[in-house]
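Peer 1: For reference, the structure I am asking about is given below.
Bear in mind these aren't lab numbers, they're just calculated from the coordinates by the rules spelled out. Not measured: the values here are computed from a predicted model. Cβ atoms come from the backbone with ideal geometry, glycine included; neighbour counts cover every protein chain shown.
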Amino acid sequence: MTANLPDGVQILGKITPQVDAVLTTEALTFVANLHRQFNPTRTALLARRAQRQTEIDAGKLPDFLPETASIRTDEWQVAPAPADLNDRRVEITGPTERKMMINALNSGAKVFMADFEDSLAPTWENVIAGQINCSDAIRRTIEFHNPDGRVYKLNEQIATLLIRPRGWHLVEKHVTVDGESISASLFDFGLYVFRNAQELLANGSGPYFYLPKMESHLEARLWNDVFNAAQDGIGVPRGSIRATVLIETILASFEMEEILYELRDHAAGLNAGRWDYIFSTIKKLRNRADMIVPDRSQVTMTVPFMRAYTELLVRTCHKHGAHAIGGMAAFIPNRRDPIVTENALAKVREDKTRESNDGCDGTWVAHPDLVPVAMECFDKVLGERPNQKERLREDVHVQGTDLINVKATGGSITETGLRLNISVGLQYINAWLNGNGAAAINNLMEDAATAEISRSQIWQWIRHAAKLDDGRPVTRELYKQIRDEELTKLGGSSVERYEESAELMDGLILNDEFIEFLTFPAYELLD
């Protein structure tokens, strides 16, 4: 294959038999054509993100768009859900790692989201293996042979498969098109569609996706254009692709209806991506001293700005016939400590009961053991119904100011919260640099959003000299002192990749300029 690369395409990653199997001449031609056609729009939209940040910093806070008011008042519906995406009451997520995929597909959940984004460290090996694992799962040939002799195979009944490609802001550095790194979104999406769309449709399913990190309806329009070009390019009917959008940025919450409208022939729903949403809120409002966010543990789903966002999401989805999917339960059962597990399961039940009663049609969990817990909560509300789209939630009336009412959160900043941010950030970045994007930390399955919240909070606290509950200001010096103490608890900088993790954290937190995503500098450290 490498001798027959399409014109203008180069592979900079290591060439292995797996790479040869995935990156055929035909597949590379397909993704390169998508990149050439749509990357100029992608880069223009990323520049628009920067301009909107400048406007927010100058005092123009986000609000609903006057120019799209007609979309919010007109009557329109998204395309009807395919049969295997109509009941989504429990969805499990995880990286495209072989054993985890088998366990997730067998978990009893209705849907499994296989992740190329925040829970996958995008090493070249991981990205290529992920494509192979997805194709094998679709063809039901996927197996995993454990060193202890156990063999993992798919059950007869498995979850419906969705794929989350990387966001618009990322590139795949191991492949270049005309001398520039290819869009990671188009690379992940394009390879998956090219390799699997026909097979999925023949099996009575389809190419279904979760779309991350969007900040505007124009970014959704770009995805819709990509979908149409891809479907035409591989000869499948338009509308075969279905996409659920993660509303995980504060700006997207003001454009939920417009996002659904742009994708209406391909839209399957919206999801409340709560952890990234908290990160985005901190990031976008970071220069506002009156909008400082307290300890992460105090930013629950019931604080006013989070409550407004989730209720608006349910109303928006059901108004237009789309699924509303609740947020993540990230807890990992602790088999050594049943009391910890029981307390955590009680919180999961409370969370899922609230979501189902609010009108959500489904929810996310991070571990197979949570599937029965979440299923029980949604079964009580849904019964035999596949969803509750008929609950229009016309009682919900959210103003733009409600979505940014961070002040009403209350709470405090504590040394415990600061220490936790530093420790968890160091641990997650270390795991990510070691190739593991789904890291078990403090009985939680964490992805990149964890470290993003941690470092963005500390940056914000230092910038505005926020005070701890004992009156001490959060300073660079205090951060450095606690970083050293927490690093020592983790074994010191000589262990694994903690030295690089600490340097990366320092660069993110102590920089006068806010770095948009920690994966920008971290990606340079991956093979």
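Peer 1: Would you kindly calculate the translational diffusion coefficient of region 1-150, applying Stokes-Einstein with the Kirkwood radius from alpha carbon pairs, for 25 °C and a viscosity of 0.890 mPa s, and quote it in µm² s⁻¹ without decimals?
Peer 2: Details: Rh = 19.9 Å.
D = 123 µm²/s.
Peer 1: Please arrange 55, 311 by how many other C-beta atoms lie within 10 Å of their C-beta, fewest to most. Could the numbers behind the result be given before it?
Peer 2: On the way: 55 11, 311 20.
Least to most surrounded, the residues fall as 55, 311.
Peer 1: Under unit Cβ charges (Lys, Arg +1; Asp, Glu -1), what dipole magnitude, rounded to 20 debye, does region 412-523 have relative to its Cα centre? If you can, show how the numbers build up before the last one.
Peer 2: Numbers: 10 positive and 18 negative charges, 45 e Å.
For this selection, approximately 220 debye.
Peer 1: When the helix-only estimate is applied to the chain (DSSP H runs of n ≥ 4, each -39,500 (n - 2.57), divided by the residue count), what is the mean residue ellipticity at 222 nm, nearest 500 deg cm²/dmol?
Peer 2: Numbers: 18 runs with 241 residues, N = 527.
Calculated at 222 nm, the ellipticity per residue is -14500 deg cm²/dmol.
Peer 1: Oh, and also: How do 468, 270 line up, fewest other C-beta atoms within 10 Å first?
Peer 2: Ordered by Cβ neighbours within 10 Å, fewest first: 468, 270.
Peer 1: To continue, here is another question. What order, most packed first, do the peptides 72-78, 454-460 have when packing is the mean number of other Cβ atoms within 10 Å of each residue?
Peer 2: Numbers: 72-78: 11.7, 454-460: 26.0.
By packing density, highest mean first, the sequence is 454-460, 72-78.
Peer 1: Compare the peptides 260-267, 30-37 by average per-residue count of other Cβ atoms within 10 angstrom and give them in order, highest first.
Peer 2: On the way: 260-267: 22.4, 30-37: 20.8.
Going from most to least packed, we get 260-267, 30-37.
Peer 1: Would you mind working out the magnitude of the charge dipole of the chain relative to its Cα centre, with +1 at each Lys and Arg C-beta and -1 at each Asp and Glu C-beta, to the nearest 20 Debye? All intermediate terms of the calculation are to be shown ahead of the outcome.
Peer 2: Details: 57 positive and 75 negative charges, 114 e Å.
Computed about the Cα centre, the dipole is about 540 debye.
Peer 1: How would you rank 276-286, 322-332, highest first, on the average number of other Cβ atoms within 10 Å across their residues? It would help to have the intermediate numbers written out before the result.
Peer 2: Working: 276-286: 23.6, 322-332: 25.4.
In descending order of packing, they fall as 322-332, 276-286.
Peer 1: Among 142, 13, 71, whose Cα sits farthest toward the positive end of the charge dipole of the chain (+1 at Cβ of Lys/Arg, -1 at Cβ of Asp/Glu, about the Cα centre)?
Peer 2: The Cα lying farthest towards the positive end belongs to 71.
Peer 1: Follow-up question, since we're still on this one. I need the calculated FRET efficiency for the pair residue 67 and residue 520, taking r as the beta carbon distance and R₀ as 35 Å, to the nearest 0.05. Don't skip to the answer; put the middle values down first.
Peer 2: Working: r = 31 Å, r/R0 = 0.90.
E between residue 67 and residue 520, to the nearest 0.05, is 0.65.
Peer 1: Could you tell me which trypsin sites (Lys or Arg not before Pro) in region 307-346 are loop residues by DSSP with no more than 16 other beta carbons within 10 angstrom of their beta carbon?
Peer 2: 335, 336
Peer 1: What lysines sit close enough to residue 213 to cross-link, taking a C-alpha to C-alpha distance under 18 Å and skipping anything fewer than 8 places away on the same chain?
Peer 2: Partners found: 283, 284.
Peer 1: If each residue's Cβ is checked for other Cβ atoms within 10 Å, how do 113, 445 rank with the fewest at the top? Working shown, then result.
Peer 2: Working: 113 26, 445 21.
Starting with the residue having the fewest Cβ neighbours, the order is 445, 113.
Peer 1: For the chain, state what percent of all Cα-Cα pairs lands in each successive 20 Å bin, counting from 0 Å until the bin that includes the largest distance.
Peer 2: Using 20 Å bins, I get a P(r) of 22, 59, 18, 0 for the chain.
Peer 1: Rank 121, 360, 241 by how far each Cα sits towards the positive end of the charge dipole of region 11-401 (+1 on Lys, Arg Cβ; -1 on Asp, Glu Cβ) and give me just the farthest.
Peer 2: Positive-most Cα among the choices belongs to 121.
Peer 1: Right, here's the next one. Tell me, how many Å apart are the Cα centres for region 333-411 and for region 74-96?
Peer 2: 17 Å
Peer 1: Another question, then. Could you grab the relative contact order for the chain? Cα pairs under 8 Å, six or more apart, rounded to a whole percent.
Peer 2: Working: 916 pairs, mean separation 85.9, N = 527.
Relative contact order for the chain comes out at 16 percent.
Peer 1: Next up: Kindly write out, for region 212-228 in residue order, the coupling ³J(HN,Hα) from the Karplus curve 6.51 cos²θ - 1.76 cosθ + 1.60 (θ = phi - 60°), rounded to whole Hz, with x marking Gly and Pro.
Peer 2: Once θ is set to phi - 60°, the couplings for region 212-228 become x, 6, 5, 10, 7, 5, 5, 6, 5, 4, 4, 4, 4, 5, 4, 4, 5 Hz.
Peer 1: Whole-Hz Karplus ³J(HN,Hα) for region 252-261, in order, using 6.51 cos²θ - 1.76 cosθ + 1.60 and θ = phi - 60°, x for Gly and Pro?
Peer 2: Couplings: 5, 5, 7, 10, 4, 5, 5, 5, 4, 4 Hz.
Peer 1: I want to make sure I understand the PRE zone here: with the label point 7 angstrom from the Cα of residue 24 toward its beta carbon, which residues in region 165-181 have backbone N atoms less than 18 Å away?
Peer 2: none
Peer 1: Let me ask you something else. According to a simple spin-label model (label point 7 Å from Cα along Cα-to-Cβ), what is the distance in nm between residue 401 and residue 376?
Peer 2: 4.3 nm
Peer 1: Ok, one more. Per 0.36 nm of contour for each residue apart, how much would the distance between residue 14 and residue 503 grow if the chain were fully extended, relative to their Cα-Cα spacing? Can you show the working numbers first?
Peer 2: Details: separation 489, 0.36 × 489 = 176.04 nm, distance 2.72 nm.
Stretched fully, the residue 14-residue 503 segment lengthens by 173.3 nm.
Peer 1: While we're here: Using R₀ = 25 Å, calculate the FRET efficiency as 1/(1 + (r/R₀)^6) where r is the Cβ-Cβ separation of residue 225 and residue 7; round to 0.05.
Peer 2: Numbers: r = 24 Å, r/R0 = 0.95.
With a Förster radius of 25 Å, E is 0.55.
Peer 1: While we're here: Tell me which GluC sites (Glu not before Pro) from region 124-226 have a DSSP coil assignment and no more than 10 other beta carbons within 10 Å of their own. Provide the component values of the computation, followed by the final result.
Peer 2: On the way: sites: 125, 143, 156, 172, 180, 199, 215, 219; in loops: 156, 215.
Here the sparse-neighbourhood loop sites are 156.
Peer 1: On to the next question. Calculate the dipole size of region 194-273 relative to its Cα centre from +1 charges on Lys and Arg beta carbons and -1 charges on Asp and Glu beta carbons; express the result in debye to the nearest 20. List each step's numbers first, then the result.
Peer 2: Numbers: 6 positive and 11 negative charges, 63 e Å.
Once rounded to the nearest 20, the dipole reads 300 debye.
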